[in-house]
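Report on the structure given below.
Any read-out appearing in this document is the output of simple, stated calculations on the displayed coordinates, not a laboratory observation. What you see is a predicted model, and the numbers here were worked out from it, not measured in a lab. Note that we place each Cβ from the backbone using ideal geometry, even for glycine, and neighbour counts take in every protein chain shown.
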Amino acid sequence: MSLPPAPLIIPCVDIQSGRAVRLYEGDPERETVYFESPLEAARHWAGLGAGLVHLVDLDAATGRGENRAVIRQVAAELGVPVEVGGGIRSRDAAEELLALGVERVVIGTAAVKNPELVRDLIAAHGPERVVVSLDARGLEVATHGWAQGSGLEVAELTPVLAGAGLETLIFTDVTRDGTLRGLDRDLMRQVRQLWTNTLIVGGGVADVADVALLQGERIEGAIVGRAIYEGTLPYPVELGVGTRQEDLGQLG
């Protein structure tokens, strides 16, 4: 039996205080600066063949500020599509980013607190422009830059989001993000069962074995940061003949 398609690996550029960083377990006090310039970081991955770059405004996510000018620059100058998450909690905020040239917005806390926002944005802009990110410890969803527990389980939210017309869901395992500990196979399997549309995961991808795990679980992609910055997962990723990164296409 043939293997499912190789998952799309989406490089992540986390922006804090105007710089490209990675956090350990989502803690803004435990950062590693990889590039002074987020545009430089994004250009690095685009130059290696990335067809989509994931930007996160960490300051907006935690309520400590925002990096809108940096995001505007990346969207205008990069030359490949970008998606942006972090602190997008209103229709106006989402549409401002879309107007800047961002390919799609990633809604996190607001999707948990107000699923109607997701429905309204999808109705106005289409499912290809709107993504929801559920960040969780185990299967309990965390909000406000992972600082707060929501009291809600992923299983409670997935049918609501599907009913709102959502196509693409990002699931992040907060306990493993930035740790290089590898994916939790059982957790990935549970989330795959809960979400049958396009699933992108984050948190803990460490090496090619994790990418193979995603392929085996038929998960369409992963957002990866530290592993490709530090080289434990060579980028672009190759799992074998016919699975080069540039052959994988865009996710809908």
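For region 8-240, the relative contact order comes to 18 percent (Cα pairs under 8 Å, sequence separation of at least 6). In terms of its C-alpha gyration tensor, region 186-239 comes out prolate, because a/c is 1.5 or above and the ratio a/b outweighs b/c.
Annotation: amide H-H contacts under 5 Å for Ala206 (H modelled 1.01 Å from N, sequence separation of 5 or more, or interchain): Gly182, Leu183.
Is it possible to state the helix-based mean residue ellipticity at 222 nm for the chain, with each DSSP H run of 4+ residues giving -39500 (n - 2.57), the sum divided by total residues, to the nearest 500 deg cm²/dmol? What is it?
When only DSSP H runs of four or more count, the value is -9000 deg cm²/dmol.
Summarising the strand pairing of the chain, around 30 percent of its internal DSSP beta bridges are antiparallel.
Among Gln190, Gln215, Gln16, the residue with the largest mean-square fluctuation in a Gaussian network model of the chain, with springs joining Cα atoms closer than 10 Å, is Gln190.
Once fully extended, how much extra length lies between Ala209 and Leu239, figured as 0.36 nm per residue of separation less the alpha-carbon to alpha-carbon distance?
Numbers: separation 30, 0.36 × 30 = 10.80 nm, distance 0.93 nm.
Result: 9.9 nm gained on full extension.
Stretching the chain fully between Asn197 and Leu180 yields a gain of 3.5 nm (0.36 nm per residue, less the alpha carbon separation). Given R0 = 30 Å, the distance between the Cβ atoms of Arg218 and Glu95 translates into a calculated FRET efficiency of 0.35. Between Gln190 and Ala162, the FRET efficiency from the beta-carbon distance, with R0 = 22 Å, is close to 0.85. Ordered by the number of other Cβ atoms lying within 10 Å of each residue's own Cβ, fewest first, Asp92, Asp184, Asp173 fall into the sequence Asp92, Asp184, Asp173.
The simple spin-label model puts a point 7 Å past each Cα toward its Cβ; for Ala69 and His125 those points are separated by 2.3 nm.
The label point for Val33 and the one for Leu3, both projected 7 Å from the Cα toward the Cβ, are 3.9 nm apart.
About its Cα centre, region 24-120 has a charge dipole of approximately 220 debye under the convention of +1 per Lys or Arg Cβ and -1 per Asp or Glu Cβ, with nothing else charged.
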